[in-house]
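Structure first, commentary second.
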Amino acid sequence: MTTPDLDPSTVLVVGGGGREHALAWAVARSAGVRRVYAAPGNAGTAGERGVVNVDLADDDLDGLVAFAAERRVGLTVVGPEKPLGAGLVDRFRTAGLPVFGPTRAAARIETSKAWARDFMARHGVPHPRFTVADDLAAAERAVRDLGGRCVVKADGLAAGKGVVVCDTVDDGLAAARGMLVGGVFGMAGARVLVEERMDGPELSVMAISDGDAFTLLPPAQDHKRALDGDAGPNTGGMGAYAPAPVATPDLVDRIRRTIVEPVLAGMRAEGHPFTGCLYAGLMLTAAGPSVVEFNARFGDPETQVQLPLVESDLAAILRAAATGGGVPDARPRPGRSAACVVVASGGYPGVYATGRPIDGLAEAEAVDGVKVFHAGTRVDPATGAALTAGGRVLDVVCVRPTLADAVAGAYAAIGRPASGGGPARPGARFDGMHHRNDIARRALEAPV
Ligand code: GLY
């Protein structure tokens, strides 16, 4: 519902990570957009032309609604899952404010993994065998039934950490016990899923929908493990690239027909149409694409490589999805690939320090095709400089004609601090930084 006195030239982006910097950057370049607010934003959005940070947390529902109403914001785009799960979109709609994102009921496709698996089963969406367990005895039966080769997941939101991939019965029981008895994920793990493990490459496919029509973003691949060779603990994502060569037109068509369309139709049929970005996290198994998980939002860091590849006007696409009546095509820029290397704080995804000065951002962006999106950064009030403020700090993105060039460009833009165990090198850098050195390597070694 659009109220006539709203200002269509203003957009509010809710969130403060790399995904939200990329959204704010892309929307600020859209026709007819004069002012983008980022709440709370970061040092990157603070320095982005046409973007202004607003000191409101992404879970301050009252504050966000009041701000958007007072500034007559023409479109609000919600980045993270937490405010979606808390009902921010429902609150905006009640206030008559246009908003891009799913309602709380539709966001259950991400906020409850048990609900999502039952939904997939109801609508014939390909998924692995699973058991929902509320107690250890039920979880143990399911783990033993799968011979220990299983995935144990917390039902609720656990900041991307609530998934344990297990090889043995002991691994499975330890994971289930930690969640159900040890409370390692609090209430999110009070119910668990025990799932059959799937094998194959992963693929992230995002559909922007008004609940009925949809358009797909270029398919992307993420790198979830902390270290090269997919070793080390799981993270929020250490890098991404798009379009993923593995996603042939036939495969994308199959995903469209067997996954995206049935999900959107099922959500409509059950009375809570999915408006927003449906993120299908897929495993490309020998039997075809199967759903690892759905998210009710854009991916991070996938967004950082997908949006720079979209030629169409992003604000027009998001506005159409928010208000209904069809979604324009997200036309890809022809002959372009994008790669993103995440530069993280030392110790991430474990304990890490913050407050480190970040150098070399201008040097990084002088590299052909490079854009640095900020993830965990803040402005130093004393100097105006950027400081580290999170685990994932910078997303160094490069867009070039080939994936190999894009990867080379992103790495060329990353420097080394004097404390980095070798001669200092120009480019984006801070003390203690670490990043993977093999982003997209698998795709480059085995192109499809
Ligand atoms: N890249 C993983 C996620 O956005 O959840």
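Nothing in this text is a laboratory measurement; each read-out follows from the coordinates by a stated rule. Note that this is a predicted model, so its numbers are computed, not measured. So basically every Cβ, Gly included, is an ideal-geometry build from the backbone, and we count neighbours across all protein chains shown.
The table that follows gives values for the structure above.
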item	result
Value of [θ]222 nm, deg cm²/dmol, for the chain, DSSP H segments ≥ 4, -39500 (n - 2.57) each, nearest 500	-7500 deg cm²/dmol
Distant-in-sequence amide H partners of V99 (H built 1.01 Å from N, under 5 Å)	T76
Spin-label proximity, R144 to the range 179-194 - amide N less than 18 Å from point 7 Å beyond Cα toward beta carbon	194
Electrostatic dipole magnitude of the chain [Cβ: Lys, Arg +1; Asp, Glu -1; Cα centre; debye, to 20]	240 debye
Estimated dipole of the range 82-128 in Debye, rounded to 20 [Cβ of Lys and Arg +1, of Asp and Glu -1, Cα centre]	80 debye
Which of K113, K371 has the fewest Cβ neighbours within 10 Å, and the rest in rising order	K371, K113
D230-T323 pseudo-label distance in nm [points 7 Å out on the Cα-to-Cβ vector]	4.4 nm
Rounded to whole Hz, the Karplus (6.51, -1.76, 1.60) HN-Hα couplings of the range 182-190, x for glycine and proline	x, x, 4, 10, x, 5, 4, x, 6
Largest-first ellipsoid semi-axes for the range 359-448, taking √(5λ) over the Cα gyration tensor eigenvalues, angstrom	25, 14, 13
Alpha-carbon Debye profile of the chain, log10 I(q)/I(0) at 0.12 Å⁻¹	-1.03
Gain in span if fully extended, D134 to R49, counting 0.36 nm per residue against the direct Cα distance	25.6 nm
In the chain, lysine pairs closer than 25 Å at Cα, eight or more apart or cross-chain	11
Dipole of the chain, positive direction: furthest Cα of A159, A408, G346, with charges on the beta-carbon	A408
Point-to-point label distance, V351-A66, nm (Cα→Cβ direction, 7 Å offset)	3.8 nm
In sequence order, calculated HN-Hα J values of the range 146-156 (Karplus, 6.51, -1.76, 1.60; Hz; x Gly/Pro)	8, x, x, 7, 8, 10, 9, 10, 6, 5, x
Positive minus negative residues near F119 (Lys, Arg vs Asp, Glu; Cβ under 14 Å)	0
FRET E, pair A362, N437, Förster distance 30 Å, beta-carbon r, rounded to 0.05	0.80
For the range 163-173, Karplus couplings with θ = phi - 60° (6.51, -1.76, 1.60), whole Hz, Gly/Pro x	10, 10, 8, 10, 9, 10, 4, 4, 4, x, 5
Magnitude of the charge dipole, the range 224-268, Cβ model with Lys/Arg +1 and Asp/Glu -1, debye to 20	200 debye
Whole-angstrom gap from the range 25-81 to the range 203-227, using each part's C-alpha centre	22 Å
Farthest toward positive dipole pole in the chain [+1 Lys/Arg, -1 Asp/Glu at C-beta], among I259, A321, G101	A321
Most fluctuating residue given options T111, T388, T94, as computed from a GNM of the chain linking Cα atoms under 10 Å	T94
Kirkwood Rh in Å, taken over the range 241-397 so that all alpha-carbon pairs contribute	18.4 Å
